[in-house]
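Student: I'd like to ask some things about the structure below.
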Amino acid sequence: MRLATMIDIPAAGGVEAGRLERGLELEVRPLEPGRYHVSGGREQHWVDLRSPLVPRCDCGDHLWRERVCKHILAALLREGDERVIREVAALVAGLRAQVRSLAVRPRPRRGRGRVDPAGAAGRIETVRRS
């Protein structure tokens, strides 16, 4: 049974792309509705999403910085939170845009040709071997 999670993500620091990316690599095991055991990082953590105001995680990032940490993001993703899923989609779209922006030039074909040293518009002169 999925609980409605009442987390004000913008008030808790929003979803930072680096934390989200690291959170995608974590393993999330449900303990009971809204409570999770998260592992896969340096240490194991406990996440409680049942708090109506701010989610709770026992990691330093959440406790000291009062931010939405990677463990909370991983648990929210496990619950199918649409806000976090949209952020994953935005992350993927950003990566795709970066890949598209790379000017990948076609590799010159290996063959029996050489580029005209006079620079005649990049024409390839065929060299025939006997």
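The values are calculated or read from the model by the stated rules, or taken from the named source; none is laboratory data. What you see is a predicted model, and the numbers here were worked out from it, not measured in a lab. Note that each Cβ is placed from the backbone with ideal geometry, even for glycine, and that neighbours are counted across all protein chains shown.
Student: Being among the aliphatic types (A, V, I, L, M) and modelled with pLDDT under 90 narrows it down to one residue among Leu63, Leu24, Leu31, Leu73; which is it?
Tutor: Among Leu63, Leu24, Leu31, Leu73, only Leu63 is among the aliphatic types (A, V, I, L, M) and modelled with pLDDT under 90.
Student: For region 48-95, which positions are more than 15 Å from Ala12 (Cα to Cα) and of a type in the set (A, V, I, L, M)?
Tutor: Ala74, Ala75, Leu77, Ile85, Val88, Ala89, Ala90, Leu91, Val92, Ala93, Leu95
Student: Among the listed residues Val68, Val47, identify the single one that is touching a Cys at 6+ places or on another chain (Cβ under 8 Å) and of a type in the set (A, V, I, L, M).
Tutor: On inspection, the qualifying residue turns out to be Val47.
Student: Might you let me know whether region 47-55 holds any residue that is surrounded by 15 or more Cβ atoms within 10 Å (Cβ to Cβ), farther than 14 Å from Arg19 by Cα and free of Cβ contacts under 8 Å to residues at least 24 places away in the same chain?
Tutor: Yes, there is a match, as at least one residue in region 47-55 is surrounded by 15 or more Cβ atoms within 10 Å (Cβ to Cβ), farther than 14 Å from Arg19 by Cα and free of Cβ contacts under 8 Å to residues at least 24 places away in the same chain.
Student: Have a look at Arg65, Arg35 and point out the one that is in contact (Cβ under 8 Å) with a residue 40 or more places away in the chain, more than 20 Å from Leu95 (Cα to Cα), more than 20 Å from the chain's Cα centre (by Cα) and surrounded by fewer than 20 Cβ atoms within 10 Å (Cβ to Cβ).
Tutor: Just a single option satisfies the conditions, and that option is Arg65.
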